[in-house]
Amino acid sequence: MATDETPPSVPTLRPLPSLGVPLLREEIERERRRRWLLIGAAVGALVVVAAGVGLASFMGGDERPADREPQATVPTTVGYTPPVDAAVPPPDAFVPSPAVATEELPEGTRTVHQFGQSAGFRPALIAAGLAGADADAVITALTGVMDFRRCRPVHELVIERDGAGVLQRFEYRASITQIYEARRGPDGAFHGAQVEVPIERIDLARGGTVSTSLGDALETIGLGRTLVGTFVEVFEGRINFNTDTRPGDTFRLLVTEERIDGELLRYGTVHALEYRSQRRGVLQAFHFAPRADLDDFYDETGRAVHGGWLRTPLHYDHISSPFDPRRMHPVLHRIMPHNGIDYSAATGTPVWAAADGTVTWAGERGPNGNLVSLSHEGGYESHYAHLSRFAPGLARGQHVNQRQLIGYVGTTGRSTGPHLHFGLERHGRFVDPARELNGPGRMLPSSVQGRFRQEIARLRAQLEDVELATPAPSSAPPPEPAQDPAPPSGEEALGDVMD
């Protein structure tokens, strides 16, 4: 009599695990034993091969004719199948980087990937899905347009394809303003160029009253706290905003705001500043450029507010190490004079000549890294160490003007973070720049005084028309400018000039 029961000797059939059905306990055990057998067979084969090679080497069997290729060794274990993951991938078989965003275009798609931890530019393109030929074409198009050495993990790769999946445009976004593209032309070849990003510039005239601090007052009137640095730099030596600020002080400023697609990028030129201090009186400064390559802040008489020297030849974050003849060196762990001031700032921050002078050194110099030295009148010589690079065309024997670009902040030489080491010598002896550089500023030449007076009259009238905002606390501080990414200022900077 027939029965529907399955004989116990016949195993129950199940779908393959690849279909998503979980394995039974006995199947898991069988699979585990099979894997261990495969691993054991592979290890045994390698041991046999290694023993054979070693014996041949010991007996001199490694000698072979120069025109004879070595033969590949194949495991002879019966039934052995190399596991798939044991195969060595080809050079271009990089792990794909997942798309950060995907957008449907009218005739294709746009995907965005991050550069990530790729070993180079070409591996990043391959990981983002480009074929080898397309990657080579993009690199050729962008050669000379962008610097492939400056790629960072957070940078973005934008890939645009047509409906057939053919690459039509590649875009590399290093920052909100640094965008490079390779676009396929009618001839089928790719052509590279830097994308021109339109920047909207808006002139603002704002004023306020200090209640707690200057930074809070700036936020109250809708400006960022980064403008505090401009007040500090311009009025340095005339007021200390840490100790001299009092509730009820007022300020006015004229500044250009730069935006991209409505988003604040940065603050541009500050045209005029006024600070009315209960302790230091009325302070005013007006921006003026007698030449296209020379600009500074001047008082109403036409005298530069910075004095004969720039006490701070850059925009910096903080002083990480002051002048100290008895400093204990944090790296060498011994008393070593710190013959200058370390200004912590981001890599790439412009560095200016502190005064008119002549370049006596521009190159690498031991622990100082990339160093620029300038000689000045009165037996002075200034030094600018640890630069990432020099201003284009800078060379020994060249004359430079005050505030002329000479290089960019870096961390070359004996340094643990990006900063500028600013040293000053007088008659061959190092002196403290903070104490030495406090003389009066230079007067504008008579040839530009007429133009200056007209400019100052216009700016002063605009300042007087600015209404002071009430010192009510801000409910939500405005966002800081979305400046280009840059590395952090790092730890307390090290390194001495001439150490």
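The values are calculated or read from the model by the stated rules, or taken from the named source; none is laboratory data. Predicted, not measured: the structure shown is a model, and the values here were computed from it. Quick reminder, even Gly has a Cβ in these numbers, built from the backbone with ideal geometry, and neighbours come from all protein chains shown.
Residue pairs whose Cβ atoms lie under 8 Å apart, separated by 6 or more positions or on different chains, with the first residue in region 270-288 and closer than 14 Å to V305 by Cβ and surrounded by fewer than 18 Cβ atoms within 10 Å (Cβ to Cβ) and the second at pLDDT below 95 and of a type in the set (D, E, K, R), are R280/R238; R280/D244.
Among the residues of region 164-192, those identified as closer than 16 Å to I126 by Cα and charged (D, E, K, R) are R169, E171. Every condition in (1) more than 27 Å from the chain's Cα centre (by Cα); (2) in contact (Cβ under 8 Å) with a residue 40 or more places away in the chain is met by R396 except one, and the failing one is (2).
Only a single item in (1) closer than 26 Å to A461 by Cβ; (2) in contact (Cβ under 8 Å) with a residue 24 or more places away in the chain is not met by T245, and it is number (1). For region 287-331, the candidate set comprises residues that are farther than 24 Å from T269 by Cβ and among the β-branched types (V, I, T); within that set, the residue that is modelled with the highest pLDDT is I319.
Among residues belonging to region 358-368 that are crowded, with 19+ Cβ neighbours inside 10 Å and modelled with pLDDT under 95, point out the one that is nearest to F422 (Cα to Cα).
N368
Among the residues of region 369-392, those that are buried (at least 19 other Cβ atoms within 10 Å of the Cβ), in contact (Cβ under 8 Å) with a residue 24 or more places away in the chain and out of contact with any Leu (no Cβ under 8 Å at 6 or more places or on another chain) comprise L374, F390.
With respect to the conditions (1) charged (D, E, K, R); (2) closer than 23 Å to H287 by Cβ; (3) free of Cβ contacts under 8 Å to residues at least 12 places away in the same chain, R206 falls short on a single one, namely (3). Can you name every one of the strands (runs of 3 or more DSSP E) wholly within region 190-265 that holds 1 or more residues which are among the basic types (K, R) and surrounded by 14 or more Cβ atoms within 10 Å (Cβ to Cβ)? Those strands (runs of 3 or more DSSP E) span 200-209, 250-260.
Checked against the criterion of being under 18 Å from A345 (Cβ atoms), polar (S, T, N, Q) and assigned to a strand (DSSP E or B), the candidates S388, S415 yield just one match: S388. In region 416-442, the residues that are at pLDDT below 90 reach residues that are part of a strand (DSSP E or B) and surrounded by fewer than 20 Cβ atoms within 10 Å (Cβ to Cβ) with C-beta atoms within less than 6 angstrom, at least six apart or across chains, in these pairs: G441/R303. Among the residues making up region 418-443, a single one is surrounded by 21 or more Cβ atoms within 10 Å (Cβ to Cβ), touching a Lys or Arg at 6+ places or on another chain (Cβ under 7 Å) and part of a loop (DSSP other than H, G, I, E, B): L437. Being over 24 Å from A304 (Cα atoms), under 26 Å from the mean Cα position of the chain (by Cα), at pLDDT below 95 and of a type in the set (A, V, I, L, M, F, W, C) is true of A345.
Checking each residue in region 177-189 for being in contact with a strand residue (DSSP E or B) (Cβ under 6 Å, 6 or more places away or on another chain) and either assigned to a strand (DSSP E or B) or within 18 Å of D147 (Cα to Cα) (or both) picks out I179, Y180, E181, A182, R183, R184.
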